[in-house]
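Chemist: Submitted below is the structure of interest, expressed as structure tokens.
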Amino acid sequence: MSRISKEEVSKVAKLAKLKLNEEQIDNHATQIEKILDYINQLEKIDTTNIPCTTRAIEVINKFRSDVKDTYKSREDILNLAPSREDDFFKVPKILKD
């Protein structure tokens, strides 16, 4: 018997404001079942002496010094913008009048 019912998938879809047809509900239920089966396999692994980690590989942030630098050509920078108006970057309007 399936641990994830069609009704549960439908309920979650409704909460997420997703419109799923019957085929999609069946498909999602099957996929969730496979994910839960995989998690059950992972739970069987003995991790007693394994230190906790957040990633599979170690990530080290490389920081650069925050140094003020004056760019020589203002015109070159303004020309990089997708849109400009005189000496300013032009951006889409986000506020109503």
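Laboratory data are not the source of any read-out in this text; all were calculated from the coordinates shown. In this text the structure is predicted, and so the values were computed from the model without any measurement. We place every Cβ from the backbone using ideal geometry, glycine too, and count neighbours over all the protein chains shown.
Chemist: Would you point out the residue of the stretch 1-26, among those that are aliphatic (A, V, I, L, M) and part of a loop (DSSP other than H, G, I, E, B), that is nearest to D37 (Cα to Cα)?
Modeler: In this case the residue turns out to be I4.
Chemist: Test I32 against the stated conditions and say whether it is surrounded by 10 or more Cβ atoms within 10 Å (Cβ to Cβ), in contact (Cβ under 8 Å) with a residue 24 or more places away in the chain and not polar (S, T, N, Q).
Modeler: For I32, the condition - surrounded by 10 or more Cβ atoms within 10 Å (Cβ to Cβ), in contact (Cβ under 8 Å) with a residue 24 or more places away in the chain and not polar (S, T, N, Q) - is met.
Chemist: Residue check, L78 against (1) without any contact (Cβ under 8 Å) to a residue 24 or more places away in the chain; (2) assigned to a loop (DSSP other than H, G, I, E, B), all met but one. Which one?
Modeler: (2)
Chemist: What are the pairs, 6+ residues apart or on separate chains, where a residue within the stretch 81-97 that is among the basic types (K, R) has its Cβ under 6 Å from a residue that is part of a strand (DSSP E or B)?
Modeler: So the pair list comes out as K90/R84.
Chemist: Ok, one more. Is it the case that the stretch 48-57 has a residue that's among the aliphatic types (A, V, I, L, M), surrounded by 10 or more Cβ atoms within 10 Å (Cβ to Cβ), part of a loop (DSSP other than H, G, I, E, B) and within 28 Å of the chain's Cα centre (by Cα)?
Modeler: Checked against the condition, which is being among the aliphatic types (A, V, I, L, M), surrounded by 10 or more Cβ atoms within 10 Å (Cβ to Cβ), part of a loop (DSSP other than H, G, I, E, B) and within 28 Å of the chain's Cα centre (by Cα), the stretch 48-57 yields no hits at all.
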